[in-house]
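Each reported figure results from applying straightforward, stated rules to the coordinates on display, with no laboratory input. Because the structure is predicted, anything quoted here is derived from the model rather than measured. Positions of Cβ are backbone-derived with ideal geometry, glycine not excepted, and every protein chain shown enters the neighbour counts.
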Amino acid sequence: MSSDQDHLQETDTEARFEFKKEEKSAFETEKGLTEETVRLISEDKDEPEWMLERRLRALEQYQEMPMPTDWPGQPDLSEVDIDEIVPYIRPDIETRGGAEEWEDLPEEIQDTFDKLGIPEAEKNALSGVGAQYESEIVYQNMQERWEEKGVVFCDMDRAVQEHEDLVREHFMTTCVPPSDNKFAALHGAVWSGGSFVYVPEDTTVEMPVQAYFRMNSEGMGQFEHTLIIAEEGSEVHYIEGCSAPKYSAFNLHSGGVEVFVGENAHVQYSTVQNWSKNTYNLNTKRAICEADGTMEWVSGSMGSKATMLYPSTVLKGPAATDNHITIAFAGEGQNIDTGAKVYHNAPDTKSTIESKSISKDGGRTNYRGLVHIADGAEDSKTNVECDALMFDNESTSDTMPYMEIQENEVDVAHEATVGKIGDEDVFYLQSRGLDDDDAKQMIVAGFIEPITEELPIEYAVELNRLIELEMEGSLG
Amino acid sequence: MSTQVHPDISEQQVRTISETEDEPEWLLETRLDALAALDELEMPEVIRTPGRTWTNLTDLDYETLVDPETQAEEKEWVDAEGAAVLPIHEAVEQHPELVEERFGSVVDPQRNYLTALSTALFTTGTVIHVPEGTAAEDVKIRTTMNSRSLFNYTLVVAEESAEVTILERQSTGEAVDGHRYYSATVEVVAGNNASVQYGSLQNLSEETYNYQVKRGHAADDASVEFIDGNIGSRLSKSSVETRLLGEGSESRIVGAFFGHDEQHFDIASRVWHENEHTTADLVTRGVLDDEARSVYEGVQDVGSAAWDTSSYQRENTLMLSDESEADASPKLIINNHDTEASHSATVGQVDDEELFYMTSRGLDPERATDMLVEGFFVPVLEEVAVDELREDLEDLVAERLRN
C-alpha cells in the first residue's frame, strides 16, 4: 500500500484536477431542455420504448415542479438556468459503453484519467473501474474473477440493453422516483452514463469497484445514474470520484444513485467530490435496506460552488443498519449544504450519522438532516453527531437537524458542537516546531480522522491532500 | 396570504375596542394598520419536511374562533413593591410616553397574521415598569379567560440595574361551547445591567387554540430569563425568544410541557447573539402521553459581531405512549468563529432499568413510572426561581399523572 501512497503524494494534486482539455465531441445536444432533446438522447442511445416513456414522464414532472427556494438557509440556485446547460455530450469515442483497455481511448481522454491517477489505482486496489467523460462511460473494466461469479459492473446505458428486466424493475421506480424533487425529475429526463452494479447472492466483492466522473466541457450538465443491486448476503464497496476543470460559466451535476441492499447484504458507497468551484452539485442518492442489511454512506464534499446532497437510507427490514459518515469543507464562495436522511420503518433498526464540517474564507457549510422513526419501529436506535470547525469570522457554519419520532420504544440522541480552531492547540504545536499553517493542517487532519479512517488508504490520502490544498496560502 | 380563514372583523369593531378604552390616536392607528395588513400577512412559520407539515395552522376556523366583541376575562394582580404593575389602559394614561415608546419595539405588531390579529383586537394586558436600580418584589398576574376568544398583551420594562421576577398564569373559567382561541404577546425590555425573569404557566382548557409570542431585548450586561410551562390547550404554538443586543448580556430559556390525549404543542426557543461576550442556555423538557404530539424548534443564531459567544441548548422528550409523536429540530446558525456552541436533543421512553430497580423495591409499576416522570422534570424545575411557579407546575404534573 505504501507505494500507492507515495505515488499520490508525489503527484501535484492541484494540477491533476485543474487542467482542462480541448472540447471534442461526437454528438451534443443543443442547450436547454425540450421534449426534442430528450427524444434525441434516447434515440442516440437506441433505448427501448419504456425508457423513453420514463424520460418523457420525468420531463413533465420536472416542468411542473417549482425550484426549491424556501428551505431555510439553502444555497442560492437562481443562477441555475437549465436553458443555459448542454445536457448531453457524447465524447468522440468508437466503443460505446466503454473500452476495456485504457489504450483504446483517445489520447486526450486517456491522459485525463492518467493525470487523475485512475489506471494506477485500478492496478493496485480495485476490483473494477468505470470512467465517465462528459455524458458517457468511456472505460469500464472488472477483474475476471468477479465476472465469473456473476458480478456485473457495467455502464448504465449498456445495462438498459443487457439487463433490461433488472433495470426496468429498479430504475427510478421505488427508490428515487422522478417525483422526489425537481432535480431528480430533471435527472430522470436527461440521465446518461453512470454505473450498474449487480452482486449475486452470498457473493463478497473484496476490493472496491470505482467509477470516476469527469466533466470537461464548459456549461455542460452531467446526469449519470448509478444503480446498485446487492442480493441477499452479498457485500460490495463502491467508490465514486468526481472532478471538473473550472470555467467561467456554471456547470450542473445532478446525479442519481439508487442502492438496493438485500437481506443481510452490506453496501458501502464512498464519494470524494471535488467538482470545480463553478459547479452546482444537486444530487439525489438513496438506498433501500432489507432485513439485517447494512448501508454505509461515506461522503467527502470538497468541491462545487453549491452542493445540496442528503444521501438517504430507508431501513425497510427489521434489524437493518445505516451508517453515515460525512465531511464537508467550504472555502471562499462555496456553499456546501449536505447531510443525511434516515427512515426507520421497521423494528430494531439502527442508524448513526457522523458529520464533520469545516468552513473558512467566507464559505458556508450546513448539516441538514432528517431522522424519521415510524410508528411500529420499536427498539430502534439513532445517534447523530455533528461537529463543525470554523476558521474565521467571514465563514458560516449551520446545523439544521430534523427528528420525527412516532414510536416510544426508541433511543434517539442528537448532538452538535461548533467551535473555532483552538489557539491553545495551535500554540502547542508551534511550540513543538511546526509553523502556523502546518499546525492548523494537523488540527484539521485530526478533526476529520474518524472519517478518513473509514476510507481506503488511497482516498484518505487524497482527501487529506485536497484539504491541504484548500488551506495552503490562505492562512496566517 | 391568508385568504383561507379571514375572520369577519370590521374596522368598526377595532375602533369600538379602542374608543371604549379611550385610547390615544397612535394606538388606534397601530391597531388599524395591523388589521389592514391581515390580507398580506402569512401565518406563523411552521416546520416542513418532505411530505409533512409539523403544525397545521391553516385549517383552523378562525371565523368561529375569533369573536372580537365578547372578550371577557378575570385578571388578578398582586401588588409588588418596587414595580408599577398597571392594566394596559391605565398604563397608557399614566405613562403615555413609556408605553408609546416601547409598544411594538420588541415584537413586531405585524410579525405574522396571528400577531397582527392580536394587535388589532387585544382588550386586556399589563404593563410592568421597574425604575432604575430597583429590585422589585415578585409580580404575579393571573388571567382567567371567560369568552370564546381573548387577546392579551404584556409589556415589561426594567430600567438600568432593575431586577424583577414576573409570574403570569393563564387558565379558562366559564365554559363555552366548542373551540376557543387565546392569543398573547409579551415584550420584555431589559436595560443595562437589568435582570428580568418572566415565567408563564399556560393551563387553558383543552378546547382552546393558543398562540403566544414572548420576546426580550437584553442591553449591556442584562439578563433575560424565560420560563414557559405548557400544560393546557388543544393546540399551542408558543415562541420564546431573546435578542442579546448588549455586550455581556445573557439569556436562559426554560421550557416544560406535558401533553396528553390529542394535545399538540409547537414550542420554539430562539436566541440571537448580536454582541460580544454573550451567553445563552436553552433547556426544554417535555413528556407526551396518549396521542399527544410535540414539535420543538431551538435556534441559536450567532451573528458576525458576536465575538466570544457561549451558547448551549438541550432538549429532552419522554414518550409514555406508542401513539404519541415527538418532532424536534435544534438549529445552530453560526457566523462568528469565536464561539463555543453546542446542542443536544434526545427522545426516549422511561428507562427500563430504573423502572426495574424501583419495582424491585416494592413500588407498583404505575407509581414508579409516575415518579420517574416527576423526576424527569426536576432539571427544569430547578431553574425556576419563583416557588409559586415551581409548585404550580409540580402540582399540574402530578394532577396529570393521576388522570
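5 Å is the cut-off here: which amide hydrogens, built 1.01 Å from N in the peptide plane, fall below it relative to residue A:220, excluding neighbours closer than 5 in sequence?
Here the answer is A:86, A:252, since their amide H atoms fall under 5 Å of that of residue A:220.
Taking each residue in A:382-395, count the Cβ atoms of any other chain within 10 Å of its Cβ, then average. What number comes out? The partial results should precede the final answer.
Numbers: counts 1, 1, 2, 1, 3, 1, 5, 1, 7, 1, 3, 9, 4, 5.
That average works out to 3.
Could you tell me the convex hull volume per residue, in Å³, taken over the Cα atoms of region A:383-447?
About 96 Å³ per residue, rounded to a whole number.
Which is farthest toward the positive dipole end of the protein assembly as shown among B:218, A:74, A:112, measuring Cα position about the Cα centre, with Cβ charges +1 (Lys, Arg) and -1 (Asp, Glu)?
Among B:218, A:74, A:112, the one farthest towards the positive end of the dipole of the protein assembly as shown is A:112.
For n ≥ 4 DSSP H runs only, could you compute -39500 (n - 2.57) per run for chain A, divide by its residues and tell me the 222 nm figure to the nearest 500?
When only DSSP H runs of four or more count, the value is -8000 deg cm²/dmol.
If the limit is 24 Å between Cα atoms, which of A:24/A:45; A:45/A:115; A:21/A:305 go over it?
Checking Cα-Cα distances, A:45/A:115 exceed 24 Å.
Would you tell me the mean number of C-beta atoms belonging to other protein chains that fall within 10 Å of each C-beta in B:320-329, as a whole number?
6
Round to a whole angstrom and tell me the spacing of the C-alpha centers of region B:360-383 and region B:228-246.
What the calculation gives is 25 Å, centre to centre.
Quick check for me: using +1 on Lys/Arg Cβ and -1 on Asp/Glu Cβ, what's the dipole size of region A:2-471 about its Cα centre, in debye to the nearest 20? Intermediate results must be reported in sequence, preceding the final value.
Numbers: 37 positive and 97 negative charges, 190 e Å.
In total the dipole reaches around 920 debye.
Rounded if a/c is under 1.5, else prolate if a/b is larger than b/c, else oblate: which is the protein assembly as shown, with a ≥ b ≥ c the root eigenvalues of its Cα gyration tensor?
Note, shape of the protein assembly as shown comes out prolate.
Of A:243, A:159, A:130, which is farthest along the charge dipole of the protein assembly as shown in the positive direction, counting Lys and Arg as +1 and Asp and Glu as -1 at C-beta?
Projecting each Cα onto the dipole axis, the largest value belongs to A:159.
For region B:3-349, give the share of DSSP beta bridges that are antiparallel, in percent and rounded to the nearest 5; count only bridges with both residues there.
10 percent
Roughly what would the spin-label model give for residue A:49 and residue B:322, points 7 Å off Cα along C-beta, in nm?
Distance between label points: 4.9 nm.
What does the structure give for A:410-422 when I average, per residue, the other chain Cβ atoms found within 10 Å of the residue Cβ?
Mean partner shielding for this stretch: 6.
When the gyration tensor of region A:67-136 is built from Cα positions, what are the square roots of 5 times its three eigenvalues, in whole Å, from largest to smallest?
34, 18, 10
Counting only DSSP beta bridges with both residues in region A:2-471, what percent are antiparallel, rounded to the nearest 5?
The antiparallel fraction comes to roughly 10 percent.
To the nearest 20 debye, what charge dipole does region B:268-403 have about its Cα centre, counting +1 at the Cβ of each Lys and Arg and -1 at the Cβ of each Asp and Glu?
Result for region B:268-403 is approximately 280 debye, rounded to the nearest 20.
Using each residue's phi in region A:259-275, evaluate 6.51 cos²θ - 1.76 cosθ + 1.60 at θ = phi - 60° and report the 3J(HN,Hα) Karplus result to the nearest Hz, with x for Gly and Pro.
10, 10, 9, x, 4, 6, 8, 9, 10, 10, 10, 10, 10, 10, 9, 9, 4
Would you mind getting the Kirkwood hydrodynamic radius of region B:284-397 from its Cα pairs, rounded to one decimal in Å?
Evaluated over region B:284-397, this radius sits at 16.3 Å.
Hey, which lysines would be in cross-link range of residue B:237, C-alpha to C-alpha under 24 Å, not counting anything within fewer than 8 residues on its own chain?
Here the lysines satisfying the reach criterion relative to residue B:237 are B:75, B:140, B:214, B:331.
Across region B:62-71, in residue order, what do the Karplus-derived ³J(HN,Hα) couplings come to in whole Hz, using 6.51 cos²θ - 1.76 cosθ + 1.60 with θ = phi - 60° and x for Gly and Pro?
Result, ordered by residue: 5, 3, 8, 7, 9, 10, x, 8, 10, 4 Hz.
Given H placed on each backbone N at 1.01 Å, which residues far from residue B:140 in sequence or on other chains put an amide H within less than 5 Å of it?
B:78, B:167
I need the phi-derived Karplus couplings for region A:364-381: 6.51 cos²θ - 1.76 cosθ + 1.60, θ = phi - 60°, integer Hz, Gly and Pro marked x.
Going residue by residue, I get 10, 10, 9, 8, 10, x, 9, 10, 10, 10, 6, 4, x, 7, 5, 6, 7, 9 Hz, with x marking Gly and Pro.
Considering only A:289, A:142, A:410, whose Cα is most displaced toward the positive end of the charge dipole of region A:2-471, charges sitting on Cβ of Lys, Arg (+1) and Asp, Glu (-1)?
Highest projection toward the positive end goes to A:410.
Run lengths n ≥ 4 of DSSP H only: what is the helix-derived mean residue ellipticity at 222 nm for chain B, with -39500 (n - 2.57) per run over all residues, to the nearest 500?
After summing the helix terms and dividing by the residues of chain B, the value is -7000 deg cm²/dmol.
List the relative contact order of region B:276-403 as a percent without decimals, with contacts defined as Cα pairs under 8 Å and 6+ residues apart. Walk me through the intermediate numbers first.
Values: 203 pairs, mean separation 30.4, N = 128.
The normalised contact order for region B:276-403 reaches 24 percent.
For region B:254-268 and region A:152-200, what is the separation of their C-alpha centers, rounded to whole Å?
Going from one Cα centre to the other spans 45 Å.
Could you give the alpha-carbon Rg of region A:220-324 over 2.2 N^0.38 Å, rounded to two decimals?
Its radius of gyration relative to the 2.2 N^0.38 Å reference: 1.15.
For residue A:20, give me every one of the aspartates and glutamates with a C-alpha distance below 12 angstrom, ignoring sequence neighbours fewer than eight places off in its own chain.
A:108, A:111, A:218
Please compute the volume of the convex hull spanned by the alpha-carbon atoms of region A:411-476 and report it per residue in Å³.
It comes to 124 Å³ per residue, whole-number rounded.
What are the radius of gyration and Dmax of region B:354-403, computed over its Cα atoms and given in Å?
My reading of the Cα-based Rg and Dmax gives 12.4, 36 Å.
With an 8 Å Cα cut-off and a minimum separation of 6 or more residues, compute the relative contact order for chain A in percent.
10 percent
Using the alpha carbons of region A:126-241, what is the convex hull volume per residue in cubic angstrom, as a whole number?
Cα-based convex hull of region A:126-241, divided per residue, equals 104 Å³.
When only Cα pairs under 8 Å and 6 or more residues apart are kept, what is the percent relative contact order across region A:112-195?
26 percent
State the Cα centre-to-centre distance between region A:72-150 and region B:388-403 in whole Å.
66 Å
Can you tell me which of B:77, B:272, B:26 moves the most in a GNM of chain B? Springs connect C-alpha atoms under 10 Å apart.
B:26
Would you mind ranking A:302, A:67, B:371 by Cβ crowding within 10 Å, fewest neighbours first?
Details: A:302 27, A:67 11, B:371 15.
Exposure proxy ranking, most exposed first: A:67, B:371, A:302.
What is the dipole size for the protein assembly as shown, taken about its Cα centre, with +1 at each Lys and Arg Cβ and -1 at each Asp and Glu Cβ, in debye to the nearest 20?
660 debye
Can you tell which of B:17, B:227, B:333 shows the greatest fluctuation in a Gaussian network model of chain B with Cα springs below 10 Å?
Comparing B:17, B:227, B:333 in the GNM, the peak value goes to B:333.
Would you mind listing how long region B:3-349 runs along its three principal axes, going by Cα atoms, in whole Å with the largest first?
Over region B:3-349, Cα extents along the principal axes are 53, 52, 37 Å.
Given H placed 1.01 Å from N in the peptide plane, which residues other than close sequence neighbours of residue B:237 have an amide H under 5 Å from its amide H?
Long-range HN contacts for residue B:237: B:210, B:211, B:212, B:266.
Starting from the alpha-carbon convex hull of chain A, give the projected area averaged over all orientations, in nm².
Average projection, Cα convex hull of chain A: 21.4 nm².
Just B:101, B:383, B:187 to compare: in a GNM of chain B, with alpha carbon springs under 10 Å, which one fluctuates most?
Checking each option, the largest mean-square fluctuation is seen for B:101.
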